[in-house]
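J.: Encoded as structure tokens, here's the structure I'll be asking about.
Since every read-out is calculated from the coordinates, none of them should be taken as a lab result. Since we're looking at a predicted model, the values are computed, not measured. Positions of Cβ are backbone-derived with ideal geometry, glycine not excepted, and every protein chain shown enters the neighbour counts.
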Amino acid sequence: MLKALCYPRVKVGNEYVTKGQTVPQVNNSVSALAKSIYERMFLWMVIRINEMLDTKNPRQFYIGVLDIAGFEIFDYNSMEQLCINFTNEKLQQFFNHTMFVLEQEEYKKEGIVWAFIDFGMDLAACIELIEKVSCL
């Protein structure tokens, strides 16, 4: 593996040439390999968990598990981190709407007396910043 990372073989025309890599290039290759292994393991785990939980019976109830990563502070945020943060904002907005807004609407429909609670958790502005088409 060391040889493959440090001196990869590259096809040039009809033949293969061994190419030396710089330290940053090797680091990028190691990172890409680690991400690929992690992605494949995660996908395998999801498939296995889904197989284990699968039932042929009609589902009336379900338990959903969602683990949103905690706050992370980086000196530099990549496109990947932006996508992760955006996804987390969308999930949080969905959760807030489902758990707070729709629940209180249900109380109103059923005539349940309660004190309206403004959770102040509308994340639309943050989401629109990325989703909305804008021209500079």
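J.: Assuming 0.36 nm per residue, please report the length gained on full extension of the stretch PHE116 to LEU5 beyond their Cα-Cα distance. Walk me through the numbers before you get to the answer.
T.: Values: separation 111, 0.36 × 111 = 39.96 nm, distance 5.98 nm.
Using 0.36 nm per residue and subtracting the Cα-Cα distance, I get 34.0 nm.
J.: Let me ask you something else. If you bin every alpha carbon distance in the chain into 5 Å steps from zero, what whole percent lands in each bin?
T.: Pairs per bin, as whole percents: 2, 7, 9, 11, 12, 12, 12, 11, 8, 6, 4, 3, 2, 1, 1, 0.
J.: Under the 0.36 nm per residue contour assumption, what length would be gained going from the current alpha-carbon distance of LEU82 and TYR16 to full extension?
T.: 20.0 nm
J.: Right, here's the next one. Could you work out the longest stretch of the chain that avoids the chymotrypsin sites (Phe, Trp or Tyr not before Pro) located in DSSP loops with at most 10 other Cβ atoms within 10 Å?
T.: 1-60
J.: Given a 10 angstrom Cα cut-off, can you work out which residue in ASN57, ASN88, ASN14 is the most mobile in a GNM of the chain?
T.: ASN14
J.: Work out, step by step, the length gained on full extension between GLU128 and MET99: first 0.36 nm times the residue separation, then minus their alpha carbon distance; give nm to one decimal.
T.: On the way: separation 29, 0.36 × 29 = 10.44 nm, distance 2.11 nm.
Full-extension gain reported as 8.3 nm.
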